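Below you'll find the structure, written out as structure tokens, and then a few comments.
The values are calculated or read from the model by the stated rules, or taken from the named source; none is laboratory data. Predicted model, so just to flag it, every value in this text is computed and none were measured. With ideal geometry, Cβ positions are generated from the backbone for all residues, glycine too; neighbour counts draw on all protein chains shown. We work out accessible area using only protein heavy atoms, side chains counted, and drop any ligands, DNA or RNA first. Shrake-Rupley method; radii C 1.70, N 1.55, O 1.52, S 1.80 Å.
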Amino acid sequence: MHTALATHFQDAPPRRLGVGVSGGGDSMALLELAAVYAADRGIYLIALSVDHGLRPEAAQEIALVARRCAVLGLPHQTLKWTGWDGQGNLQDAARQARYALMTAFVHQNGVQDVLLGHTACDQAETLLMRLARGAGVDGLTGMHRQRHVDGVTWHRPLLGHSRDALRDYLAARGLTWADDPSNDDSGFQRIRARQALQTLGDMGVTAASLAQVAQNMANAQAALEWQTDRAA
């Protein structure tokens, strides 16, 4: 795990880097790993937290992030969303808001690369949700380790690691994190997918096996694109 970022960036790390941190275990572990990685290479690193204004506990969670950033000597910025009108898919609207707020901020501050704390478990849940929608090759590639959108490169260096592994990493260092109660709300499709994985595990369908499926489909997608280019 300590080499996750070095493996991801290899010999071409950015000189300025953002990291999205909610206060949850995944992003807090990423913050710790990124702080060490950036300090060793002289990289400017700034932590970004989004307050969606949906839960009173969010302010406390972001305060936890701010305190840890102060200990690490890192700048921290809170971005606030006030756009929820109570209509449509809340999780999707919140996700889009997060990306829009972080994109606007990094554009204004000369940062083009942002780290996200998605894990192998997130990858598995994503695949299950896309399977439910009848996704094809493109959809079943899952989340990409690197994606360019609107002038920002979003990096997911922890897709090969589980949530439990990241929490063990924090616990071993005596570090704390926040647990969002909405992570137990089965009204959200992602949470239902998370709960389904616990049952599917008895059949050998695990986060690790689904992450491998995503990689296999990504390889198939690349081969199809190569053949298409060759034919063209």
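Give the number of residues within region 161-183 that are part of a loop (DSSP other than H, G, I, E, B) and either at pLDDT below 90 or more than 18 Å from Leu31 (Cβ to Cβ) (or both).
2
Scanning region 56-82 for residues that are within 18 Å of the chain's Cα centre (by Cα) and of a type outside the set (Val, Ile, Thr) gives Ala58, Glu61, His76, Gln77, Leu79.
Looking at this structure, is Arg98 touching a residue at least 60 places away in the same chain (Cβ under 8 Å), part of a helix (DSSP H, G or I), closer than 15 Å to Trp154 by Cβ and open to solvent by 30 Å² or more (accessible area, probe 1.4 Å)? Judged against the criteria, Arg98 is a match. Ala39 meets all of the listed conditions (1) open to solvent by less than 30 Å² (accessible area, probe 1.4 Å); (2) more than 20 Å from the chain's Cα centre (by Cα); (3) among the small types (Gly, Ala, Ser) but one, namely (1).
Checking Gly88, Gly53, Gly23 one by one, the residue that is crowded, with 17+ Cβ neighbours inside 10 Å and on the phi > 0 side of the Ramachandran plot is Gly23 and no other.
Which of the residues belonging to region 56-85 are part of a loop (DSSP other than H, G, I, E, B) and crowded, with 19+ Cβ neighbours inside 10 Å?
Correct list: Leu74 only.
How many residues does region 104-138 contain that are buried (at least 17 other Cβ atoms within 10 Å of the Cβ) and either assigned to a helix (DSSP H, G or I) or among the basic types (Lys, Arg) (or both)?
12
Tallying residues that are in contact (Cβ under 8 Å) with a residue 60 or more places away in the chain and open to solvent by less than 90 Å² (accessible area, probe 1.4 Å) within region 216-227 yields 4. Go through the residues of region 6-15 one by one and say whether even a single one is on the phi < 0 side of the Ramachandran plot, modelled with pLDDT under 95 and either among the acidic types (Asp, Glu) or open to solvent by 40 Å² or more (accessible area, probe 1.4 Å) (or both). Yes, there is a match, as at least one residue in region 6-15 is on the phi < 0 side of the Ramachandran plot, modelled with pLDDT under 95 and either among the acidic types (Asp, Glu) or open to solvent by 40 Å² or more (accessible area, probe 1.4 Å) (or both). Arg230 meets each of the listed conditions (1) open to solvent by 30 Å² or more (accessible area, probe 1.4 Å); (2) in contact with a helix residue (DSSP H, G or I) (Cβ under 7 Å, 6 or more places away or on another chain) apart from (2). Checked against the criterion of being in contact with a helix residue (DSSP H, G or I) (Cβ under 7 Å, 6 or more places away or on another chain), in contact (Cβ under 8 Å) with a residue 12 or more places away in the chain, within 30 Å of Pro181 (Cα to Cα) and in a loop (DSSP other than H, G, I, E, B), region 31-47 contains not a single residue that satisfies it.
Taking the criterion of being more than 15 Å from the chain's Cα centre (by Cα) and crowded, with 16+ Cβ neighbours inside 10 Å, the residues of region 140-164 that qualify are Leu140, Thr141.
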